[in-house]
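Asker: Have a look at this one.
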Amino acid sequence: MNKARWIPLIVVAALGVLLFAGVLLSRNPNRDALPSPLIGKPAPAFRLPVLHEPGRLVTDRDLRGAPYLLNVWGSWCPACRDEHPVLTRFAETKRLRVIGFNWKDEHADALRWLEQFGNPYFMVLTDYDGKAAIDWGIYGAPETFLVDAGGTIRWKYVGPLTDEVIEKELLPQLAQIDARGASL
């Protein structure tokens, strides 16, 4: 029996397995997101101005003490517009502080956008030049991070938040943070 006759069958079978694995992986709506190396690590240090109080600077240490959701957005971002009603509904639950991270935007454009669509944020930090975003590993908007009370990043989502993402991903992560806090 000639073993060379089996090589094409083995190659076809291997390609079939790869195709099947690709189909399974494509069911993840966040499949294009690069995994964040920051999960489980302290949030990067920053010192950023507050959009509505430009003379006030806020640091990462100022936000510690209670968990928060850091939502990266810009007035120039069409997907941020899609996400905004979902984020607003979540912020209205007051489940945790929602901090806006206005990225590479003009001050007046950001204020106008919030005036037009509403301001769901506890506070809006501004990263005009995008330097702080580099430390966070931000490569697009919207992106959202869940940071625990101690300042550790626990979850990251790339793309517009949906009700389903909040229900199936964010809330379970928040429950884990709550459980950790209750056991301390």
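The values are calculated or read from the model by the stated rules, or taken from the named source; none is laboratory data. Since this is a predicted model, take the numbers as computed values, not measurements. Cβ placement follows ideal geometry from the backbone for every residue including glycine, while neighbour counts extend to all protein chains displayed. Only protein heavy atoms, including side chains, enter the accessible area calculation; ligands, DNA and RNA are left aside. Shrake-Rupley method; radii C 1.70, N 1.55, O 1.52, S 1.80 Å.
Asker: Go through region 60-70 and report how many residues are outside any loop (DSSP other than H, G, I, E, B) and either surrounded by 15 or more Cβ atoms within 10 Å (Cβ to Cβ) or without any contact (Cβ under 8 Å) to a residue 12 or more places away in the chain (or both).
Answerer: Filtering region 60-70 for residues outside any loop (DSSP other than H, G, I, E, B) gives 61-63, 68-70.
Right, trim to either surrounded by 15 or more Cβ atoms within 10 Å (Cβ to Cβ) or without any contact (Cβ under 8 Å) to a residue 12 or more places away in the chain (or both) and you get 62-63, 68-70.
Qualifying residue count, region 60-70: 5.
Asker: Just one of (1) without any contact (Cβ under 8 Å) to a residue 60 or more places away in the chain; (2) aromatic (F, W, Y); (3) assigned to a loop (DSSP other than H, G, I, E, B) trips up W113, so point out which.
Answerer: Only one criterion is unmet by W113, namely (3).
Asker: Look at P49 and say whether it is in contact with a His (Cβ under 8 Å, 6 or more places away or on another chain) and in a strand (DSSP E or B). Lay out the reasoning, then the answer.
Answerer: Working: in contact with a His (Cβ under 8 Å, 6 or more places away or on another chain): no; in a strand (DSSP E or B): yes.
No.
Asker: Residue by residue through region 131-156, note down the ones that are of a type outside the set (A, V, I, L, M), in contact with a Phe, Trp or Tyr (Cβ under 8 Å, 6 or more places away or on another chain) and open to solvent by less than 60 Å² (accessible area, probe 1.4 Å).
Answerer: W136, P142, E143, T144, F145, W155, K156, listed by residue number.
Asker: Quick one: is P8 at pLDDT below 95 and either in contact with a Lys or Arg (Cβ under 7 Å, 6 or more places away or on another chain) or exposed (fewer than 13 other Cβ atoms within 10 Å of the Cβ) (or both)?
Answerer: Answer is yes for this residue.
Asker: Evaluate region 92-105: report whether one residue or more is within 23 Å of A45 (Cα to Cα), free of Cβ contacts under 8 Å to residues at least 60 places away in the same chain, open to solvent by less than 30 Å² (accessible area, probe 1.4 Å) and part of a loop (DSSP other than H, G, I, E, B).
Answerer: Within region 92-105, one or more residues are within 23 Å of A45 (Cα to Cα), free of Cβ contacts under 8 Å to residues at least 60 places away in the same chain, open to solvent by less than 30 Å² (accessible area, probe 1.4 Å) and part of a loop (DSSP other than H, G, I, E, B).
Asker: Kindly establish whether W103 is modelled with pLDDT of 95 or more, in contact with a Cys (Cβ under 8 Å, 6 or more places away or on another chain) and not basic (K, R).
Answerer: Here the answer is no, as W103 does not meet what is asked.
Asker: Still on this structure: So is A175 aliphatic (A, V, I, L, M) and part of a loop (DSSP other than H, G, I, E, B) or not? Steps first, answer last, please.
Answerer: On the way: aliphatic (A, V, I, L, M): yes; part of a loop (DSSP other than H, G, I, E, B): no.
Taking the combined requirement at face value, the residue does not satisfy it.
Asker: Of the conditions (1) open to solvent by 60 Å² or more (accessible area, probe 1.4 Å); (2) assigned to a loop (DSSP other than H, G, I, E, B), L161 clears all except one; give me its number.
Answerer: The failed condition is (1).
Asker: Okay, moving on. Could you say whether any residue in region 71-90 is open to solvent by 30 Å² or more (accessible area, probe 1.4 Å), touching a residue at least 40 places away in the same chain (Cβ under 8 Å) and within 21 Å of I153 (Cβ to Cβ)?
Answerer: Scanning region 71-90 turns up no residue that is open to solvent by 30 Å² or more (accessible area, probe 1.4 Å), touching a residue at least 40 places away in the same chain (Cβ under 8 Å) and within 21 Å of I153 (Cβ to Cβ).
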